[in-house]
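Here's the structure, in structure tokens; my notes come after.
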Amino acid sequence: MKTRVGVVGVGHLGQHHARLLSGMDDVDLVGIVDIDRDRAQRIASQYHTRVWDSATSLMPEVDAVVVSSPTVTHVSLALPFVEAGVAVLVEKPIAESLEATDRLLSAAKARGTLVACGHTERFNPAVDAAAPFVREPRFVEIHRLGTFPDRSLDIDVIFDLMIHDLDLLLNLVGREVTSIEAVGVNVLTPRLDIANVRLRFDGGCIANLTASRISRERVRKVRFFQPQAYVSVDFAAQEAEVYRLVMKEGRPSIEGGRLEVPREEPLLRELRDFVEAVRNGRPPRVSGQAGRDALELATRVARAVETQ
């Protein structure tokens with residue numbers, strides 16, 4: 001039996017959720033909802049599904065739903081599904097505030113409803129290939145630079161772009177952040193368009209992150225420096241490299257190179273995980289709590305910018 005899934009919000013990213021779900025053999029894309037009725041009709045026609053008048057009318061027809069609307073509407077749209085026992089994948093950031101997130105997660109716990117958060121970079125094949133080699137890093141450098149967008153201008157660059165990398169660091173470093181130094185500038189919009197942060201983790205690891213949506217070129221890379229090893233990932237190219245210092249006959253030697261990475265769309269891998277979690281009753285790889293953890297750290301970074 002196929003898992004019945006709906007999509008609420010088919011804008012820039014939501015349309016790709018609809019595209020990928022429509023092509024999954026074990027999924028029935030029951031329908032989509034969007035405040036732009038004409039756009040919804042175009043997307044529905046393209047992916048052979050139907051348009052529902054509202055999220056409320058869609059709710060009884062689905063086992064799971066993807067909420068890919070503007071951030072400020074995430075909880076208001078997702079909460080009724082959660083309270084009805086319908087599994088929800090909420091795009092990142094999970095909500096506009098920690099208070100709103102807690103309302104959603106409390107309802108999910110009370111009802112026993114699965115909530116996943118769409119931190120897609122966790123499903124990047126290059127990240128999966130490199131992750132086993134990341135062990136107690138001492139310094140991490142991340143650049144996530146993009147050209148000026150026509151979307152997501154309702155939130156600043158920390159919550160739009162940097163939050164991907166904050167989530168990755170929490171997952172891969174696996175320690176608490178003990179101090180934050182940050183700076184940000186609103187260059188082209190009333191919100192922050194570029195930000196840099198220096199994080200210190202319990203245990204001494206330092207991470208330096210730069211996120212920008214006003215760059216002339218797109219860059220999405222991370223480098224991990226750790227004792228006797230170096231690990232790098234190019235998220236966009238889906239490439240990963242590992243170099244290690246080894247001793248051969250008493251002499252140091254550097255070994256390593258590019259890892260084998262099977263190219264695949266991270267969003268497809270995320271949706272597969274979500275659907276499998278719904279079908280098998282297991283936790284998703286990126287839970288609602290993980291989404292909250294990333295949002296909490298992003299909020300701390302934003303506050304550090306305000307007090308600079």
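Near the amide H of ALA229, within less than 5 Å, lie the amide hydrogens of LEU245, all on another chain or at least 5 residues away, with H placed in the peptide plane.
Taking only the alpha carbons of the chain, we obtain Rg and Dmax values of 20.2, 72 Å in that order.
Note on the chain: Lys pairs 8 or more places apart or on different chains, Cα atoms under 27 Å apart, count 4. Over region 12-81, the reciprocal of the mean inverse Cα-Cα separation, the Kirkwood hydrodynamic radius, stands at 12.4 Å.
Each pair of Cα atoms in region 76-190 enters the Kirkwood radius, and Stokes-Einstein at 10 °C and 1.306 mPa s then converts it into a translational diffusion coefficient of 96 µm²/s. Compared with the direct C-alpha span, the chain from THR307 to HIS12 gains 102.9 nm at full extension, assuming 0.36 nm per residue.
Roughly what % of Cα-Cα distances in region 192-308 sit above 18 Å, to the whole percent? Summing the P(r) tail past 18 Å for region 192-308 gives 71 percent.
Near the amide H of THR3, within less than 5 Å, lie the amide hydrogens of VAL27, ASP28, all on another chain or at least 5 residues away, with H placed in the peptide plane. Please tell me the relative contact order of region 174-273 in percent, rounded to the nearest whole number, where contacts are Cα pairs under 8 Å and at least six residues apart. Answer for region 174-273 is 14 percent. Taking the C-alpha atoms only, the angle from helix 163-173 to the longest principal axis of the chain is near 50 degrees. Within the chain, antiparallel bridges make up roughly 60 percent of the DSSP beta bridges whose residues both belong there.
For VAL86, the shell of other residues with beta-carbons less than 12 Å away shows a net charge of -1, using +1 for Lys and Arg and -1 for Asp and Glu.
Only the coordinates and a few stated rules stand behind these numbers; no lab work does. What you see is a predicted model, and the numbers here were worked out from it, not measured in a lab. Glycine also receives a Cβ, built like all others from the backbone with ideal geometry; neighbour counts cover every protein chain displayed.
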